Amino acid sequence: MTDWSAGYVTEINYSFGFYRELSPSFLAFSALVRGTDEPSFNRERLRVLELGCGQGESAVIIAAARPEIDYVAIDFNPAHIAGASSLARKASIKNLTLREASFADIAADESFGQFDIITLHGIYTWVSEENREHILKIAHDKLCPGGLLYVSYNCHPGWTPVIPMRRLITDVADAMPRASVPDRIKAGLDILRKLAGTNVQAVAGISGLKERIERISAMPLNYVAHEYLNSHWTIFHSADVAVEMGRAKLSYVASANVWDVVDALNFTPEQQQLIVDQHDPSLRETLRDIITNQQFRRDIFIRGPIPLRGDEGRERWLDLRLALTTRAQDVPRKIKGPIGEVTLHAPTYDPVLEALSAGPCTMRDLISLPAIAALSSASLQQAITILIGMNVLAPALPVANEATRVKRTEVLNGVFLERARFSTDHNFLASPVIGAGVSVDRINQLILLSQRKKADPVHFMWGILSAQGQKLVKEGKALETEAENLSELEMRVASFNEKVAPVLKQLKVW
């Protein structure tokens, strides 16, 4: 039998999920923070290519919420493409092309055209050197001048101590070729747990190994399989990735982890000065990785980057539209960075959050308010960057054409809600305001579905759950009686109405 997997796990499908770094508006903001122009500004149409789309949930959500984008998503697993294609058909999404193809196929296809944005999330570490060469050829041939490429990967030094542990998991799995993937994973984790409980020098030197093992054990098995069991698994130094991308004429410009640029969260004054003293950009990134013990990078490269200068950059910031993705009162006022806990400065953050709680608005709108006008541009921009890094705020799309976007996302979200009857696969809904996914768990999706059906939400949900032999879990324990489950559902409906519904309405998810 022919093995088409190229060493990649195919016995178990990849997990569903939405990754905000794939959103063009989020990538545009990440570039703006670093003062760099990017391809989506003032474009009536965008062509986006996602390499290795997995289950395609991000592709479907973005395409539905962004009708001006011609979105092409490829994956070599036919089950992934079949599932994503079914979802796209049911949601009547016409601007999304899903294609079962390898990186070699796309690299060799001269009719594929060029793209403004190419993205690959959770791919680069887990493919062979040969496939990375195909990716570089795609970037070289099919990314237009000025185009943006986003790539994420596991990196040194955060992953360095874990390399032997990962090898142990794969060796255990390889010694059980006839066992199922879940059984092979469980066997590998079992040995790791036993090892962590013994006095082994190599293990004792790995800070937080026990906690890491427990985190892995709690993850979905399909995610763990794709993270740890692939034949190819390369941990990179960021400088080496920059060199590889340079062969495709790409220059590093920014991190899609926007907190990375807020030095006050990441470095002491002495560390900041050490970084500033280095003239080589690649060396500065290496120092950043070492100081923060970075283990996963989200890098943005541009083919011919153009700096935003003076008033041009300021105008981009002023035109930036923003939307809260949680209630203002639920935003944590303390955050933890590599150098410790930081308290958000109330005179800066409180008026910003209060203004945004009234609905999406632009930075220009914000600075017109007396409580915010006194803030310096640098302070306001840093506050916005930190809030977006916290994932409580998101870049929003222009008001123009929002009605069209609403109609499209309503259809897709309806498909997701119907699927929530039977599955916990989809935990995101599409927002036409931010052009991206919003986290909404199964219970809250069922509440939304009950409202669409004009049904009592508590009994509607209990009818679905009880018919499937399912019970709610509270404080780690399953609720046994019907009365307990109904009471818990009533509490969750009340919490939804108080905390979730107002945000979903502002984001026009509901």
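The values are calculated or read from the model by the stated rules, or taken from the named source; none is laboratory data. Nothing here was measured: the structure is a model prediction, and the numbers come from that model. Cβ: placed from backbone, ideal geometry, glycine included. Neighbour counts: every protein chain shown. Side chains included, ligands, DNA and RNA excluded: accessible areas come from the protein's heavy atoms. Shrake-Rupley method; radii C 1.70, N 1.55, O 1.52, S 1.80 Å.
Observations on the model:
- Scanning residues 5 or more positions from Cys53 or on other chains, those with amide H under 5 Å from its amide H are Ile74, Asp75, with H placed 1.01 Å from N in the peptide plane.
- Tail beyond 15 Å, pair distance distribution of segment 216-285 (Cα, percent): 71
- Net length gained if the chain between Leu287 and Thr268 were fully extended (0.36 nm per residue, minus Cα distance): 5.5 nm
- Relative contact order [Cα under 8 Å, 6+ residues apart], segment 317-418, whole percent: 39
- The distance between label points at Arg247 and Lys94 comes to 4.2 nm (points 7 Å beyond Cα on the Cα→Cβ vector).
- Structural size metrics of segment 359-452, computed from C-alpha coordinates, are Rg and Dmax of 16.9, 52 Å.
- Measuring how big segment 196-317 is from its alpha-carbon positions, Rg and Dmax come out at 18.7, 61 Å.
- A Stokes-Einstein calculation at 4 °C with viscosity 1.567 mPa s, built on the Kirkwood radius of segment 274-362 over Cα pairs, returns a diffusion coefficient of 76 µm²/s.
- Between Glu133 and Val399, the simple spin-label model (points 7 angstrom out along Cα→Cβ) gives 5.4 nm.
- Put simply, the Cα atoms of segment 43-169 extend 47, 34, 24 Å along their principal axes, the longest span coming first.
- In the complete set of protein chains, residue-level accessible area for Glu410 is approximately 100 Å², probe 1.4 angstrom.
- Long-range HN-HN contacts of Phe428 with modeled amide H, under 5 Å: Val440
- Close amide H contacts of Lys474 (hydrogens built in the peptide plane, cut-off under 5 Å, sequence separation of 5 or more or a different chain): Leu479.
- Using alpha carbons only: equivalent-ellipsoid semi-axes of segment 280-326, gyration tensor based, whole Å: 27, 19, 11
- The alpha-carbon of Lys90 sits under 28 angstrom from the alpha-carbons of these lysines, leaving out residues fewer than 8 places away in its chain: Lys407, Lys453, Lys454, Lys505, Lys508.
- The calculated FRET efficiency for the pair Asp171 and Ser439, based on their C-beta separation and a Förster distance of 30 Å, comes to about 0.25.
- Leu46 accessible area, 1.4 Å probe, all protein chains in place, Å² to nearest 10: 0
- Ranked by solvent-accessible area (1.4 Å probe, protein heavy atoms only, all chains present), the residues Asp280, Asp311 order from largest to smallest as Asp311, Asp280.
- For a straight C-alpha distance cut-off of 21 angstrom, the lysines reachable from Lys142 (same-chain residues fewer than eight places away being disregarded) are Lys249.
- Segment 127-247, accessible surface, carbon-and-sulfur percent (1.4 angstrom probe): 54
- Couplings for segment 97-109, taken from phi via the Karplus curve 6.51 cos²θ - 1.76 cosθ + 1.60 with θ = phi - 60°, read 10, 10, 9, 7, 6, 8, 5, 5, 4, 5, 4, 8, 7 Hz in order; Gly and Pro are left as x.
- By accessible area with a 1.4 Å probe, ligands and nucleic acids excluded, highest first: order of Ser85, Ser58: Ser85, Ser58
- Charging the Cβ of each Asp and Glu at -1 and of each Lys and Arg at +1, and nothing else, the dipole of the chain about its Cα centre rounds to 940 debye.
- Candidate residues Ser357, Ser152: accessible-area rank, largest first, probe 1.4 Å: Ser357, Ser152
- Solvent-accessible area of Met363 with every protein chain in place, 1.4 Å probe, in Å² to the nearest 10: 10
- Extension gain, His237-Gln114: 0.36 nm per intervening residue step, less the Cα-Cα distance, totals 41.4 nm.
- Within the chain, helix-based [θ] at 222 nm, where runs of 4 or more DSSP H residues each add -39,500 (n - 2.57), nearest 500: -13500 deg cm²/dmol
- Considering every alpha-carbon pair of the chain, the percent of pairs per 10 Å bin, from zero through the bin containing the longest distance, is 3, 17, 27, 29, 19, 5, 0, 0.
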